[in-house]
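Everything below concerns the one structure shown next.
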Amino acid sequence: MKRIVANVMAEEIRMVVLDEQNELVDTAFYRPTRDETINHIYKGVVRNVLPGMSAAFVDIGLKQNVYLNLKQGKQTKAMGKLFVGQNVLVQVVKEEMLGKGARVSADVSLAGRFMVLLPYSEGLHISKRITDDILRAQLADMAAPYLANGCGFILRTAAAEATAEELQGDMEFLWRTWHQLQNRYKVAKGGTELYSDADFWFRVIREYLGHDVNEIIVDDQGAYERLQELLSITNMADAVTLRQHTAAEPIFKEWQVESQLDTLLNSTVELPSGGFLKIDTTEALTVIDVNSGHFTGRSGTAGEVALEVNREAARMIARQLRLRDIGGIIVCDFIDLPKKAQRDELLAYLTQLVREDRVKTVVCGITSLGLVEITRKRERQGLQSILFDTCSQCGGTGQLFSAETVYLQIIRRLRELYRAGRLKSNVLIEVNDEVKQYFTKSVVSALEEECKRTIKVEMQPSMSREAYSLLALGDD
């Protein structure tokens, strides 16, 4: 069984799921200062329609207009041709991140404890993890009266343990919420939020308690009382033990969480065998390189040793995707496997592992270059986006120009100014200390002779390596 441990401050909530060995299974960070919009529903106003892209940009009251794909979604297609100024009901399906505006869909949905209401869909979809045919038939019977209203439902895995009264109550609540939302839409102004997703603690109960979690420990009185209330409302008070941490020792230190979180900040992840993963995240995709390190295998052929390392790497990759909440396109460079049967075995194993992820993750296959492609649904900002800002010096590339490169840029610029007749005074060059080392006496003397100007070079400790200034220097 698993437990949830949460460190709560007014400025930030850090929540982790631990297994029986107190190892991280999942993480969630929440900061109230970051406006979360995922699953929120708005009355939007169409600001631009791009037929060539089959897209529209919609104003929902955020800083940036949001992107609506006109080719995706049943309701989107049913709306027909849009025009500028038209009001539309949309739901955020992907938050603004990495400089890109949020994405919305006209196929809105409302999530409850045991199910998701699909107002513009039809039929019942039951979680594949519910395999009992009798139970599936019973669930279908309970949903039938609501399906007759012309809507659809997705029953979550948690529905398997719910009573008939709980399921009916959830369906009734979602159906009533949908009608209230429609009434708000009729009177609201364009760019108005009509519906927001549940608060953080309700989402925790909704998304995590159906995954063998039987204990929640928090270190804040307010969070403890809110969870007490929610567990009572959802009739889960008897199934989950709720405790408040009151000891002087920090809660994450007691459960050995802090050191495990620190490892998620590194781009290198060690494997038990001695191999390691290298994880590089860019705006376009995440690349994971598998290295055998000093592992040479206990016995067997090179292919068998490679398969052993790759299987270990596959387990770690599935875990890191979940813990770091990495989404979008993921490309994995496993160690080459000579036999097709071995490659198929690795793909099947990785596919089995990602099925345990609560976020939809798909192993797409192996490319012609032998790279394994994975896609993982990205809705909210991942751990890296929450904890880090783009480097102001390297712009997020992870690299800076060498001191020699910057030195050559300065020389090139001086020559360009001289040839253009724009070097009309003596020059003061301000540079980083690493760059100044290249401006030896002989270099400066040669530049002065070439440019026919007096040149002084001064070090500015506050300057980054890539920065420099060329300033006019008055005559002495």
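Inter-label distance, residue 133 to residue 367: 4.4 nm, where each label sits 7 Å from its Cα along the C-beta direction. What's the local net charge at residue 448, with K and R +1, D and E -1, over the other residues with C-beta under 11 Å away? Once positives and negatives cancel, what remains is +2. When each of the peptides 106-113, 128-135 is scored by the mean number of other C-beta atoms lying within 10 Å of its residues, the order from highest to lowest reads 106-113, 128-135.
The gain in end-to-end length when the residue 54 to residue 417 segment is fully stretched comes to 125.9 nm, 0.36 nm per residue minus the alpha carbon separation.
List the GluC sites (Glu not before Pro) within the range 85-148 that fall in a DSSP loop (any state other than H, G, I, E or B) and whose Cβ has at most 13 other Cβ atoms within 10 Å. Before the final figure, lay out the partial values.
Values: sites: 95, 96, 122; in loops: 95, 96, 122.
Loop-located and lightly packed - 122.
The alpha-carbon of residue 2 sits under 13 angstrom from the alpha-carbons of these aspartates and glutamates, leaving out residues fewer than 8 places away in its chain: 19, 20, 23, 26, 212, 215. For residue 339, a cut-off of 28 angstrom between C-alpha atoms picks up these lysines, skipping any fewer than 8 places away in its own chain: 278. In a simple Cβ point-charge model (Lys, Arg +1; Asp, Glu -1; nothing else charged), the chain has a dipole of about 2120 debye relative to its Cα centre.
Defining a contact as two alpha carbons under 8 Å apart and six or more residues distant in sequence, what relative contact order in percent does the range 193-258 show?
Numbers: 42 pairs, mean separation 22.8, N = 66.
Answer for the range 193-258 is 35 percent.
If the segment from residue 256 to residue 471 were pulled out straight at 0.36 nm per residue, it would be longer than the present Cα-Cα gap by 71.9 nm. 3J(HN,Hα) along the range 315-323, derived from phi through the Karplus expression 6.51 cos²θ - 1.76 cosθ + 1.60 where θ = phi - 60°, amounts to 4, 6, 4, 4, 5, 5, 4, 6, 5 Hz, with x in place of Gly and Pro. Applying a threshold of 19 Å to the alpha-carbon distances of 77/377; 100/377; 94/128; 94/377; 424/452 flags 77/377; 94/128 as lying beyond it. Counting only residues at least eight positions apart within a chain, or on another chain, the aspartates and glutamates with an alpha carbon under 19 Å from that of residue 43 are 35, 59, 95, 96, 107, 193, 197.
Taking R0 as 56 Å, what FRET efficiency do you get between residue 125 and residue 400 from their Cβ-Cβ distance, rounded to the nearest 0.05?
Values: r = 51 Å, r/R0 = 0.90.
Computed FRET efficiency for residue 125 and residue 400: 0.65.
Structural descriptor for the chain: relative contact order 11 percent, calculated from alpha carbon pairs under 8 angstrom and at least 6 residues apart.
Please work out the Cα center distance from the range 24-66 to the range 440-465, rounded to the nearest Å. Between the Cα centres of the range 24-66 and the range 440-465 lies a distance of 51 Å.
Which net charge results when you count Lys and Arg as +1 and Asp and Glu as -1 among the other residues whose beta-carbon is under 13 Å from that of residue 272?
Details: positive: 311, 315, 319; negative: 23, 270, 308, 312.
After counting each charged neighbour, the total is -1.
Taking a spot 7 Å from the Cα of residue 357 along the direction of its beta carbon, which residues of the range 5-49 have an amide N less than 14 Å from it? Residues passing the 14 Å test: 26-27.
Could you order the peptides 410-419, 274-283, 58-67, 312-321 from most to least packed, using the average number of other C-beta atoms within 10 Å per residue? Walk me through the numbers on the way to the answer.
Details: 410-419: 14.7, 274-283: 16.4, 58-67: 18.7, 312-321: 21.0.
Descending mean neighbour count gives 312-321, 58-67, 274-283, 410-419.
The alpha carbon convex hull volume per residue for the chain rounds to 254 Å³.
How high is the relative contact order of the range 316-386? Use alpha-carbon pairs under 8 Å, at least six apart in sequence, and give a whole percent. Present the calculation step by step, with values, prior to reporting the outcome.
Numbers: 84 pairs, mean separation 30.2, N = 71.
Reported as a whole number, the value is 43 percent.
For the chain, the residue among 131, 16, 285 whose Cα projects farthest onto the positive side of the dipole built from Cβ charges is 285.
Give me the net charge for the shell around residue 402: Cβ to Cβ below 11 angstrom, other residues only, Lys and Arg +1, Asp and Glu -1.
Working: positive: 465; negative: 404, 434, 466.
Taking every other residue near residue 402 into account, the sum is -2.
Since every read-out is calculated from the coordinates, none of them should be taken as a lab result. None of these values were measured; they are calculated from a predicted model. No Cβ is skipped: glycine too gets one built from the backbone with ideal geometry, and neighbour counts run over all protein chains shown.
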